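Presented below is the structure to which this report refers.
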Amino acid sequence: MLTARLVGAALIGIGGVSVLVRNESAEVFRSLLKLKVIWSISAIVAILLTLYEGAPALTWGIFGIFVMFSGVWWYYWKNINF
């Protein structure tokens with residue numbers, strides 16, 4: 001139960017910050033994007049380690065969500081010119 005709440009809190013936190021800074025400068029956006037990329041890659045590594053140790057099947061769904069978000073953020077970080 002704690003893990004589900006932590007995942008939910010993390011996703012709400014990232015989404016909430018994104019909404020709060022949506023009208024800020026490009027530098028703020030770029031910094032937040034870097035944070036999201038680093039955070040999501042770290043989360044993916046942690047989830048993979050958990051899966052390796054024998055996590056429940058639901059963990060694959062959480063893994064997919066993080067891979068999707070990480071891919072989107074990585075794409076924007078690499079392809080948007082400020």
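The values are calculated or read from the model by the stated rules, or taken from the named source; none is laboratory data. Everything numeric here is computed off the predicted structure, so don't read it as measured data. Note that each Cβ is placed from the backbone with ideal geometry, even for glycine, and that neighbours are counted across all protein chains shown.
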Qualifying residues in the stretch 1-25 (those that are assigned to a helix (DSSP H, G or I) and small (Gly, Ala, Ser)) - the one farthest from ALA57 (Cα to Cα): SER18
Can we say LEU49 is free of Cβ contacts under 8 Å to residues at least 24 places away in the same chain, surrounded by 11 or more Cβ atoms within 10 Å (Cβ to Cβ) and assigned to a helix (DSSP H, G or I)? no
Test of understanding: among ALA9, ALA4, ALA26, ALA55, which residue is within 13 Å of the chain's Cα centre (by Cα) and of a type outside the set (Ser, Thr, Tyr)? ALA9
When the stretch 55-64 is checked residue by residue, the ones that are exposed (fewer than 11 other Cβ atoms within 10 Å of the Cβ) and modelled with pLDDT of 90 or more are GLY61
One residue is enough: does the stretch 65-80 have a residue meeting the conditions assigned to a helix (DSSP H, G or I), basic (Lys, Arg) and surrounded by fewer than 14 Cβ atoms within 10 Å (Cβ to Cβ)? yes
Please work out if ILE65 is over 9 Å from the mean Cα position of the chain (by Cα) and of a type in the set (A, V, I, L, M, F, W, C). no
